[in-house]
Amino acid sequence: MVFQDPYFHAFRRKLAATPYEEARRRLTTQLQAAARTIARPPHLSADEIEQRERWLYREGLDLYLPILRTVYRAIAREVAAGLVEPEDLDAEELAFATYQRALDEIRRLPHLPRDRFAWLRHLARDTVHRVALERHSQRHRPSETRTPPAPQEHRPPSQPVLARLEAVFGDPDLPLPDDLLQDEAARRILDSLLERLPDQWRELYLLSVLDRWDDERIAAVTGLLPDEVRAIVRATARFLHAWLHELASEQAPREG
């Protein structure tokens, strides 16, 4: 899953260490080149198309890392379903393919979605699934069946790891520390807890504590009010804290 993929963290550190505008310019150039081959629909004027594309090149690309995270999570699900192997899919290529589809769709939609972040996440998951099905059909005859990989066995998390995570979840204003995310056991726990959440709650929480967006910025891309964003982030933190406390209580007798 997302937190267990070391490449994602390396890529995140790489973007954090270099000007993000450089990555934005590169992606914008690629998208603009793709846009030249798309015909203008009759229901939109040239100004309306320019305005929509400007949104995608600016605010839409601000969501690149969260969308890349969605892609990694979607790839993990396709692998778990037995459709593909991890090496069959390239996350960065699929993230760019997602934005290419978004560029095409914003020219066709009568109105831009209110929750544009949810719209991009849906495109990302659908893009991954389509490519996974295509790769699976290329590699396997229709009569073949494939057994999903057996789940890996992991040692139970230690109390110090659980205690640190519990402290983080106890304060919704506290971001996820980068050094904590380097701990494999902590990432594994985070993945298992985040999978329990509704998609919207999980992604808003990660925008807040992992990507460190403020409530107003999150509200701008989701169509929510800042107070609604804050309420969801706080409620998510409470649920995660309660689940983690339950996990720690179950683990204590084993170590005692």
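The values are calculated or read from the model by the stated rules, or taken from the named source; none is laboratory data. All of these numbers come straight from a predicted model, not from anything done at the bench. All Cβ positions, glycine included, derive from the backbone under ideal geometry; neighbour counts span all protein chains shown. We work out accessible area using only protein heavy atoms, side chains counted, and drop any ligands, DNA or RNA first. Shrake-Rupley method; radii C 1.70, N 1.55, O 1.52, S 1.80 Å.
To keep it simple, each residue is scored yes or no on (1) open to solvent by 10 Å² or more (accessible area, probe 1.4 Å); (2) in contact with a strand residue (DSSP E or B) (Cβ under 8 Å, 6 or more places away or on another chain); (3) over 12 Å from residue 120 (Cβ atoms); (4) not hydrophobic (A, V, I, L, M, F, W, C).
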| position | (1), (2), (3), (4) |
| --- | --- |
| 79 | yes, no, yes, no |
| 99 | no, no, no, yes |
| 102 | no, no, no, no |
| 107 | yes, no, yes, yes |
**OP:** Kindly indicate whether any position in segment 186-202 is modelled with pLDDT under 85, out of contact with any Cys (no Cβ under 7 Å at 6 or more places or on another chain), open to solvent by 50 Å² or more (accessible area, probe 1.4 Å) and more than 17 Å from residue 80 (Cβ to Cβ).
**Re:** no
Original post:
Is it true that residue 168 is part of a helix (DSSP H, G or I), buried (at least 16 other Cβ atoms within 10 Å of the Cβ) and modelled with pLDDT under 85?
Top reply: yes
Original post:
Looking only at segment 174-191, which residues are more than 27 Å from residue 60 (Cβ to Cβ) and in contact with a helix residue (DSSP H, G or I) (Cβ under 9 Å, 6 or more places away or on another chain)?
Top reply: 174, 177, 180, 182, 183, 184, 185, 186, 187, 188, 189
**OP:** Check 52, 40 and return the single one that is of a type in the set (D, E, K, R), over 27 Å from residue 196 (Cα atoms) and modelled with pLDDT of 85 or more.
**Re:** 52
Original post:
Right, residue 54: part of a helix (DSSP H, G or I) and open to solvent by less than 20 Å² (accessible area, probe 1.4 Å) or not?
Top reply: no
**OP:** With respect to residue 69, determine if the residue is open to solvent by less than 30 Å² (accessible area, probe 1.4 Å), among the charged types (D, E, K, R), farther than 24 Å from residue 211 by Cα and touching a residue at least 12 places away in the same chain (Cβ under 8 Å).
**Re:** no
